[in-house]
Amino acid sequence: MQPDLLDRVQTAHALQQFRHLSPLVHCMTNDVVQTFTANVLLALGASPAMVIERDEARQFSAIADALLINVGTLTRERADAMQAAVDSANAVHKPWTLDPVAVGALTFRSEFCQQLLARHPAAIRANASEILALAGMPAGGRGVDTTDTASTALPAAQKLARQTGAVVAVTGEVDYITDGSRTLMVTGGHVLMTRVVGTGCALSAVVAASCALPGDRLVNVAAACAFMAQAGSLAVAQSQGPGSFVPAFLDALYALGGEVRV
Amino acid sequence: MQPDLLDRVQTAHALQQFRHLSPLVHCMTNDVVQTFTANVLLALGASPAMVIERDEARQFSAIADALLINVGTLTRERADAMQAAVDSANAVHKPWTLDPVAVGALTFRSEFCQQLLARHPAAIRANASEILALAGMPAGGRGVDTTDTASTALPAAQKLARQTGAVVAVTGEVDYITDGSRTLMVTGGHVLMTRVVGTGCALSAVVAASCALPGDRLVNVAAACAFMAQAGSLAVAQSQGPGSFVPAFLDALYALGGEVRV
Amino acid sequence: MQPDLLDRVQTAHALQQFRHLSPLVHCMTNDVVQTFTANVLLALGASPAMVIERDEARQFSAIADALLINVGTLTRERADAMQAAVDSANAVHKPWTLDPVAVGALTFRSEFCQQLLARHPAAIRANASEILALAGMPAGGRGVDTTDTASTALPAAQKLARQTGAVVAVTGEVDYITDGSRTLMVTGGHVLMTRVVGTGCALSAVVAASCALPGDRLVNVAAACAFMAQAGSLAVAQSQGPGSFVPAFLDALYALGGEVRV
């Protein structure tokens, strides 16, 4: 079955909802991408907050609208706090999203991610190698790189979606978003974005935020991918390299939807 | 009593002193804003250093000219190190500044901030919701957001200043800086700055640095707010959104006072 | 003996190798410079990965092509993980590089760096004060600042190189790179780079990556310094201050060697 392209009307509607609701996103993410993740969420109109101590994380994930778990610079202490936050979010039916950075390549985080899969993630966002590893299929990743294309990992993503109940987004130059039966496709990724740290991690944060929106979660997660792809295309066109890409990208996210707001 | 506007001559004089003395600032701050905080201090001519291990933090806060305590991504281990640093700074009469990020919303940091209030902060810099929470008054904050304006929190700021002996800066689109009897006002903040992570946290670092200057601490802290507001206004005028704001803001801080230094 | 200037042909050849091999660099670095370090490596074509939990760090440093140890925001837990990673890298003959941030000024990290010196670093990159402190000579540093020029520290760097077997780069407005018998010189540093946090730390990451290249390590490490100096000069010419320097610098690193790749 051919995946459907997410249409512009759906994206525009999701963006309007996103800006209107301004989801408060509890980000438990890696040390490398915290600033960029926060700035991406702020540019789109969401409210990021990073809370990491176990008791506070438990308390805050019940207050926030959505929770992001990114295992990029995992420690044992952080893993404990993440588990507490996930359980707390689940207890009050707040959606949480998993970004399984470099799963497969490293034992501790691979075991941790497998444990988390049983805790009902609302969404999973990863590259092809990570999705393959998470689904227990052979992958070509070497740390955070992916040597597989998103389409290769689509069957694994669909399997993972059926197994966990999550919407799974496997992203690359083309993104596939699936709930196990339906699959959407988002185009517009650019290779320059792989030369900027945190574009994938920040996308996971936007996916997490989009899980707080009402309506069809598959469409909302795909719309999150579309926000980033659209802003990415605009920013690539205006930048001279990966350095100037970053401010241009944040400006484009802020201006998305035609509103000039400065 | 109507607050007085800080005048341009006082700001210019404080800036000159700031650049001349180049305060070494020991920043114990949250993981999200470390880079931006360091770059703001460097652009203004100060020397930032982030030292976090307890024994080193104790050692370094006696060497540095000023200490910043920002509880944004607090952990129990970090709280211990912060207490050691505060005690060490106090022992040699070095000023320390508190940024009580998200106090009120989260129990562990709220208790920690209350303990710190008894340890003689030189300054406290926060948004309205945080100042209200710190002073034990009802606030509308939801995490790091503020739903109160700075003027609403001015009585709480004045009470807090009298109670602790600190200069208290409650900041927003207008900033109020008070020592409990006198109050200064700084204008020029812009809503775009709320779409960039770390502008408030970086201001706290500049406030911390300004506490190392000779002269009237109330004026020096207000001047720190004025540096950021002036550079912010210049940067907003030159930027297309929150992404291009960041480099423009750092350039403006660097050029502040009319010196072209590149 | 007068140091030799690294020539352009050697630099161009090293850059070509760097881009072709795309070294996977395990960065154990400080919290302040992680994003910038990752973006510098990505712009040059390398693959950064930050892995910090002890068991994962041990596992990953055997997979990666090179390891960076930067003690900027050292904790006891991080020091343990770093030692495990160094031992693991040594066991499989992967090169590791030391950046001894603020060594000399602070006791815990000074003792830690001395222990590490016995573990066969491939390279050491530091400013003059740090090299003097590491070699047990009196230095003028106050935290991360250097009050000494690189040439003052050249004898200490040469001694350190002979003692440890490492290539030692002591950097400033002029960089000296020595293996204890031969010394190379790289010019082109600019004072504006001292107003941007992480330029030295990011250089250490590029040095770490360059140790994975085949050929003469002294030349490869000097070439790493030359990449940064060349991109720095280009970026200074195009920027209005330390804020606009950052994107211009990353763009220049990406474009280095005349290839227009966007």
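For the reader, a short list of remarks on this structure follows.
- Accessible surface of chain A [probe 1.4 Å, protein heavy atoms]: carbon and sulfur percent: 53 percent
- For the set C:Arg195, C:Arg8, the ranking by accessible area, highest first and with no ligand, DNA or RNA atoms included, is C:Arg8, C:Arg195 under a 1.4 Å probe.
- Legend: mean number of C-beta atoms from other chains within 10 angstrom of residue C-beta atoms, peptide A:44-51, equals 6.
- Placing pseudo-labels 7 Å out from each Cα toward the beta carbon at B:His93 and B:His13 gives an inter-label distance of 2.2 nm.
- Each Lys and Arg adds +1 at its Cβ and each Asp and Glu adds -1 at its Cβ; summed about the Cα centre, the stretch C:169-256 shows a dipole of about 60 debye.
- Modelled label positions at A:Gln115 and A:His20, each set 7 Å beyond Cα in the direction of Cβ, lie 4.0 nm from each other.
- For chain B, the relative contact order works out to 20 percent when only alpha carbon pairs closer than 8 Å and six or more residues apart are counted.
- Charge tally around C:Gly188: other residues with Cβ under 10 Å, Lys/Arg +1 each, Asp/Glu -1 each, net -2.
- Against the rule of thumb 2.2 N^0.38 Å, how large the Cα Rg of chain C comes out: 0.91
- Peptide C:66-73 has a mean shielding of 2, counted as Cβ atoms of other protein chains within 10 Å of each residue's Cβ.
- The residues of the stretch A:1-98 expose, per residue, 34 Å² of accessible area to a 1.4 Å probe.
- For chain A, calculated [θ]222 nm from helices alone, where every DSSP H run of n ≥ 4 adds -39500 (n - 2.57): -15500 deg cm²/dmol
- Treating r as the C-beta distance of B:Thr187 and B:Thr107 and R0 as 51 Å, the FRET efficiency rounds to 0.90.
- Sequentially through the stretch A:69-85, phi angles give Karplus couplings (6.51, -1.76, 1.60; θ = phi - 60°) of 10, 10, 9, x, 10, 4, 10, 5, 5, 5, 4, 4, 5, 5, 4, 4, 5 Hz, Gly and Pro residues having no value and appearing as x.
- Summarising the strand pairing of chain C, around 30 percent of its internal DSSP beta bridges are antiparallel.
- Built amide H within the under 5 Å cut-off of B:Leu68, gap 5+: B:His26, B:Cys27, B:Met28, B:Thr97
- Euclidean distance of C-alpha centroids, the stretch B:159-234 and the stretch C:37-64, integer Å: 39 Å
- Residue among A:Asn220, A:Asn127, A:Asn90 with the largest mean-square fluctuation in a Gaussian network model of chain A, springs linking Cα atoms under 10 Å: A:Asn90
- Candidates B:Gly198, B:Gly189, B:Gly243, ranked by Gaussian network fluctuation over chain B, Cα under 10 Å, top entry: B:Gly243
- Seen from A:Ser88, the other residues with C-beta closer than 14 Å to its C-beta sum to a net charge of -2, counting Lys and Arg as +1 and Asp and Glu as -1.
- Buried accessible surface for the B/C pair, both sides summed and rounded to the nearest 100, is 2500 Å² with a 1.4 Å probe.
- Backbone HN-Hα couplings from phi across the stretch B:208-225 [Karplus 6.51/-1.76/1.60, Hz, Gly and Pro as x]: 4, 4, 5, 5, 7, 7, x, x, 6, 4, 4, 5, 5, 5, 4, 5, 4, 4
- Charge dipole of chain A (Cα centre as origin; +1 on each Lys and Arg Cβ, -1 on each Asp and Glu Cβ, all else neutral): 180 debye, rounded to the nearest 20.
- C:Thr164, B:Thr149, reordered so the largest accessible area comes first (probe 1.4 Å): B:Thr149, C:Thr164
- Among C:Ala128, C:Ala222, C:Ala248, the largest mean-square fluctuation in a Gaussian network model of chain C, built with springs joining Cα atoms closer than 10 Å, belongs to C:Ala248.
- Spin-label model distance (nm) - B:Gln163 vs C:Ser151, 7 Å beyond Cα toward Cβ: 5.9 nm
The values are calculated or read from the model by the stated rules, or taken from the named source; none is laboratory data. All of these numbers come straight from a predicted model, not from anything done at the bench. Every residue, glycine among them, receives a Cβ derived from its backbone with ideal geometry; neighbour counts consider all protein chains shown. Heads up: the accessible areas ignore ligands, DNA and RNA and are worked out on the full protein's heavy atoms, side chains in. Shrake-Rupley method; radii C 1.70, N 1.55, O 1.52, S 1.80 Å.
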